[in-house]
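The values are calculated or read from the model by the stated rules, or taken from the named source; none is laboratory data. It should be emphasised that the depicted structure is a prediction, and the values quoted were computed from it without experimental measurement. Cβ coordinates were reconstructed from backbone atoms using ideal geometry, including for glycine residues, and neighbour counts include every protein chain displayed.
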Amino acid sequence: MKWLALVALLACSDRAPEYSGVGQWRFGSSTLADAKRGKCQPTDLSDGRKATWCFANPPYLLGANNNASVDLYFLGSEPTAPLIEIQLQVRGCDDVALDRWFTSNFGPAIERRTARAYWKNSFMWIAAQMPSQPGRCLVHMLPLSEQAEIVRIKQL
């Protein structure tokens, strides 16, 4: 009987679920052990912490025509190291379509500057450089716990 009440409560909620990542990658649950299809190597973060950078992961399609290469950063080198950044690089970027994709999936940007837009929900913060270079867009997705990196990326 209790489960019926829970189902009814969830069915009546008008709040759409929020994303905690993109594709198979989720902040709070994805770990280095999940990064089996890319190549990973140790790296140092700008604040001196040890991390693992995984690149050459399967691409992710952002909308109809923005195919992104996926780089991942994990805090540490052990299999349980948590995901702390998803970086998407789009070559041949259609910046208008990319902006539309983010807005439709994450709502209105919380801030806009020339060629940049920022989104935030209760799980993560997103910075999109549209374009970052001619014909390219760069997107950083970080959990809200990565405040130092968020500040650093905003200053780029």
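Structure data summary
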item: Segment 35-49, residues that are touching a strand residue (DSSP E or B) at 6+ places or on another chain (Cβ under 8 Å) and either surrounded by 13 or more Cβ atoms within 10 Å (Cβ to Cβ) or more than 13 Å from Leu75 (Cβ to Cβ) (or both); result: Ala35, Gly38, Lys39, Cys40, Gln41, Thr43, Leu45, Arg49
item: Some residue of segment 104-114 being under 20 Å from Tyr19 (Cβ atoms) and touching a Pro at 6+ places or on another chain (Cβ under 6 Å); result: no
item: Matching residues, segment 108-139, being out of contact with any Asp or Glu (no Cβ under 6 Å at 6 or more places or on another chain), among the hydroxyl-bearing types (Ser, Thr, Tyr) and in a strand (DSSP E or B); result: Ser132
item: Residues of segment 54-82 classified as surrounded by fewer than 19 Cβ atoms within 10 Å (Cβ to Cβ), farther than 22 Å from Phe106 by Cα and aromatic (Phe, Trp, Tyr), total; result: 1
item: Of the criteria (1) under 30 Å from Pro131 (Cβ atoms); (2) modelled with pLDDT of 95 or more; (3) surrounded by 13 or more Cβ atoms within 10 Å (Cβ to Cβ), which one Ala97 fails; result: (2)
item: Considering residues of segment 111-126 that are surrounded by fewer than 20 Cβ atoms within 10 Å (Cβ to Cβ) and among the hydrophobic types (A, V, I, L, M, F, W, C) only, the residue nearest to Trp101 (Cα to Cα); result: Ala115
